[in-house]
Amino acid sequence: MKAIFKATVGMIAAVSAATALSQDVPVVSVINVKTMDPQGYTQYLADNPQIMSSLGAQMGGTCLTVSGHRYPNQAFAWTIFPNAAAAFKAARMYSQAPANPELDALRENVSSEFYAILKPFTKPSGWERRFQMVINDVPGFIKAATALEKSMQDAGHPVEIGIFMPMGAGKTKAGLIDIRIFAVEPEIGGALAQYVLSGQHDRAVMGEMQSFIESVELDTFEDCKQVFAAD
């Protein structure tokens, strides 16, 4: 309990730091699903932009879990909103929307959650490595991750690190933060993995970031695609 409280306080401090720069902290809404037809599910959402636009989303897409599944046929749809108020309003609209038999035939909803974006990113969705971790100092971790990101970019790896705070994500994710390495293409992600595995990376910068990590609770690879962007 003390560890969760400490981590939560750290997350709030990180959000406060982000808010000092901008009154709006973007929020991602995630709907975890099971799908036997991942390509069909992604294509259906791409062919029906009104599903996300009617909720007021700025952009949205899907991610198909490639490795590290928590359950079979794991995938999720995501939408990004300018702030928590817009995201929470959209969640109510979604929960009260009429049933969609076509969409229901493509997926089974598992759970939903929100994430505040603590460290922004600019890379498009694509090949991503995802971690969920217990962090002992979230602002310090964000600073160290930003330095590591620059180190990797300086070494020729066009990747970015996004850091997210879960909100309303359930008991198992309370006290965790979500980290994503945006590589866009599998080959770029593979080159980065080989770079780290071969020990060519800046170990001091990596060690600084690792000093803030208490434990790693999830490690997956996701194949993501943006299917919607507001005009």
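Residues checked against (1) surrounded by 12 or more Cβ atoms within 10 Å (Cβ to Cβ); (2) in contact with a Phe, Trp or Tyr (Cβ under 8 Å, 6 or more places away or on another chain):
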{"position": "Gly56", "(1), (2)": "yes, yes"}
{"position": "Trp78", "(1), (2)": "yes, no"}
{"position": "Gln96", "(1), (2)": "no, no"}
{"position": "Glu102", "(1), (2)": "no, yes"}
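Do you know which of the residues in region 181-208 that are small (Gly, Ala, Ser) and closer than 15 Å to Val66 by Cβ is surrounded by the most Cβ atoms within 10 Å (Cβ to Cβ)? If we take residues in region 181-208 being small (Gly, Ala, Ser) and closer than 15 Å to Val66 by Cβ, then Ala183 is surrounded by the most Cβ atoms within 10 Å (Cβ to Cβ). Hey, does region 188-205 have a residue that's modelled with pLDDT under 95 and within 16 Å of the chain's Cα centre (by Cα)? No, the conditions are met nowhere in region 188-205.
Among the residues of region 89-103, are any over 26 Å from Thr35 (Cβ atoms) and either modelled with pLDDT of 95 or more or outside any loop (DSSP other than H, G, I, E, B) (or both)? Yes, region 89-103 contains at least one residue that is over 26 Å from Thr35 (Cβ atoms) and either modelled with pLDDT of 95 or more or outside any loop (DSSP other than H, G, I, E, B) (or both). As a summary of the residue check, Ser211 satisfies the conditions (1) over 15 Å from Gln132 (Cβ atoms); (2) at pLDDT 95 or above; (3) surrounded by 15 or more Cβ atoms within 10 Å (Cβ to Cβ) except for the one numbered (3). Looking across region 30-54, the residues that are surrounded by 15 or more Cβ atoms within 10 Å (Cβ to Cβ), part of a loop (DSSP other than H, G, I, E, B) and polar (S, T, N, Q) come down to Thr35, Asn48.
Taking each residue of region 50-74 that is touching a residue at least 40 places away in the same chain (Cβ under 8 Å) and looking for partners that are crowded, with 20+ Cβ neighbours inside 10 Å and β-branched (Val, Ile, Thr) with beta-carbon atoms closer than 6 Å, six or more apart or interchain, yields Met52/Thr79; Ala57/Thr79; Gln58/Ile80; Met59/Ile80; Gly60/Thr79; Gly61/Val227; Thr62/Thr42; Gln74/Thr65.
Taking the listed residues Ala174, Ala229, the one that is touching a Pro at 6+ places or on another chain (Cβ under 9 Å), modelled with pLDDT under 95, under 26 Å from Phe81 (Cα atoms) and not hydroxyl-bearing (Ser, Thr, Tyr) is Ala174, with no other qualifying.
Out of Asp231, Asp178, Asp219, one residue alone is buried (at least 20 other Cβ atoms within 10 Å of the Cβ), among the acidic types (Asp, Glu) and out of contact with any helix residue (DSSP H, G or I) (no Cβ under 6 Å at 6 or more places or on another chain). It is Asp178.
In region 151-171, the qualifying residues are those that are modelled with pLDDT of 95 or more and charged (D, E, K, R), and the one that is surrounded by the most Cβ atoms within 10 Å (Cβ to Cβ) is Glu160. Scanning region 124-137 for residues that are at pLDDT below 95 and crowded, with 17+ Cβ neighbours inside 10 Å returns a single hit, Ser125. Residues in region 21-56 that are within 16 Å of the chain's Cα centre (by Cα) and aliphatic (A, V, I, L, M) were compared, and the one that is farthest from Tyr94 (Cα to Cα) is Val25. Those residues that are of a type in the set (Ser, Thr, Tyr) and over 15 Å from the mean Cα position of the chain (by Cα), I need them from region 57-68; list them, please. Within region 57-68, just Ser67 meets the criteria. Being under 22 Å from Ile31 (Cβ atoms), within 18 Å of the chain's Cα centre (by Cα) and surrounded by 18 or more Cβ atoms within 10 Å (Cβ to Cβ) holds for only one residue in Ala116, Ala145, and it is Ala116.
The values are calculated or read from the model by the stated rules, or taken from the named source; none is laboratory data. Here the structure is a predicted model, which is why all the values come from computation and not from measurement. Here the Cβ is made from the backbone with ideal geometry for all residues, glycine too, and neighbour counts use every protein chain on show.
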